[in-house]
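What follows is a single structure, written as C-alpha cells, with notes after it.
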Amino acid sequence: MRAPEVVKLCGVLSSARSWRSALSGASRLRGFCSTAVIATSPLAQEEECQLECKLQGVGMLAADSGGQLRVVEPARRGRSPQARRRTLDRWVEELVYQELIRAGALA
C-alpha cells in the first residue's frame, strides 16, 4: 500500500528569458501535471511559441498591454495520459513539499 501524498502537483507555470527556455522547463514536468509557459517574447515570436506549445500539450499565457495575463493556448489537463505513477513522482512531490516548508508556505 502506498503512502498518501502530502502535496500534489496540479499545475506548473514556467517563465524564462526566452520562450524556448520556458517551454523546456515546462516540458520536463508535463508528465506530472498541467504545464504552461508565460511568453515574454515579442509578438512576432508568439505564433511560433504557440505552435510549439500546442504540439507539446503545454499551455501558453501572454501579457496584454495592461500587464494582465491572457490564455493564448490552453494546457492539457492533468497528467500526461501515457504517464504511470512511479517512484519518481513521489520524489518530485517530496522535493516540492520540502521547498514549501523552506519557504514557510506550510504551517
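What follows draws every value from the coordinates through simple rules; no lab data is involved. What you see is a predicted model, and the numbers here were worked out from it, not measured in a lab. FYI the Cβ positions are ideal-geometry reconstructions off the backbone, even for glycines, and counts take in every protein chain you see.
When ranked by the protection proxy of mean other Cβ atoms within 10 Å per residue, highest first, what sequence do the peptides 9-20, 87-98 form? Write out the running numbers ahead of the final one.
Numbers: 9-20: 15.5, 87-98: 13.2.
Per-residue mean Cβ counts within 10 Å order the peptides as 9-20, 87-98.
Treating only the Cβ of Lys, Arg, Asp and Glu as charged (+1, +1, -1, -1), what charge dipole size does the chain show about its Cα centre? Round to the nearest 20 debye.
540
Amide H neighbours of residue 35 under 5 Å, counting only residues 5+ apart in sequence or on other chains, H built in-plane at 1.01 Å?
Under 5 Å from the amide H of residue 35: 12, 59, 76.
What residues qualify as long-range amide H neighbours of residue 40, i.e. H under 5 Å apart, gap of 5 or more or another chain, H built at 1.01 Å from N?
Close amide H contacts, sequence-distant or interchain: 19.
As a check on your grasp of the helix formula, calculate [θ] at 222 nm for the chain: sum -39500 (n - 2.57) over DSSP H runs of n ≥ 4, divide by the residue count, round to the nearest 500.
On the way: 3 runs with 41 residues, N = 107.
So the calculated ellipticity at 222 nm is -12500 deg cm²/dmol.
In Å and on Cα atoms, what radius of gyration and Dmax does segment 11-103 show?
Looking at segment 11-103, its Cα Rg and Dmax stand at 14.2, 43 Å.
In percent, what relative contact order does the chain have, based on Cα pairs under 8 Å that are 6 or more apart in sequence?
Values: 161 pairs, mean separation 27.5, N = 107.
Result for the chain is 26 percent.
Can you tell me the FRET efficiency between residue 84 and residue 56 if r is taken as the Cβ-Cβ distance and R0 is 22 Å, rounded to the nearest 0.05?
On the way: r = 19 Å, r/R0 = 0.88.
The pair residue 84/residue 56 has a calculated efficiency of 0.70.
Picking from 91, 71, 56, whose Cα lies most toward the positive end of the charge dipole for the chain (charges on Cβ: Lys, Arg +1; Asp, Glu -1)?
Going by the Cα projections, it comes out as 91.
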